[in-house]
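Written below as structure tokens is the structure these notes are about.
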Amino acid sequence: MNIDRLVFAVAGFFIMASVLLSVYHSQYWLWFTGFVGLNLFQASFTGFCPLAKILKAAGAEPGNAFK
């Protein structure tokens, strides 16, 4: 799996987990959901994604979006 797909998979997992936590634990988890969404939004314009940098340093195969 390349970095692009890993970023989408991790972001999707974080969003689903934080929504479930906001339903069953505390609504403050929605702040985390918003943070993930804003990070994805800014990455679409700037090409900078902290998770992509971490995955690249860990040796994941680069994709087209995050090189």
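Test of understanding: express the Cα radius of gyration of the chain as a ratio to 2.2 N^0.38 Å, with N the residue count. All intermediate terms of the calculation are to be shown ahead of the outcome.
On the way: Rg = 13.0 Å, N = 67, 2.2 N^0.38 = 10.9 Å.
In units of the globular-protein estimate, the chain measures up at 1.20.
So what does the Cα-only Debye profile of segment 1-40 read at q = 0.21, 0.24 Å⁻¹, as log10 I(q)/I(0), no solvent term?
At q = 0.21, 0.24 Å⁻¹ the computed log10 ratios are -0.60, -0.71.
Could you work out the relative contact order of the chain? I mean the mean sequence separation of Cα pairs under 8 Å and 6+ apart, divided by the number of residues, in percent.
48
Every read-out reported here was derived from the displayed coordinates using simple, explicitly stated rules and does not represent laboratory data. Just so we're clear, the structure is a prediction, and the values are computed from it rather than from any experiment.
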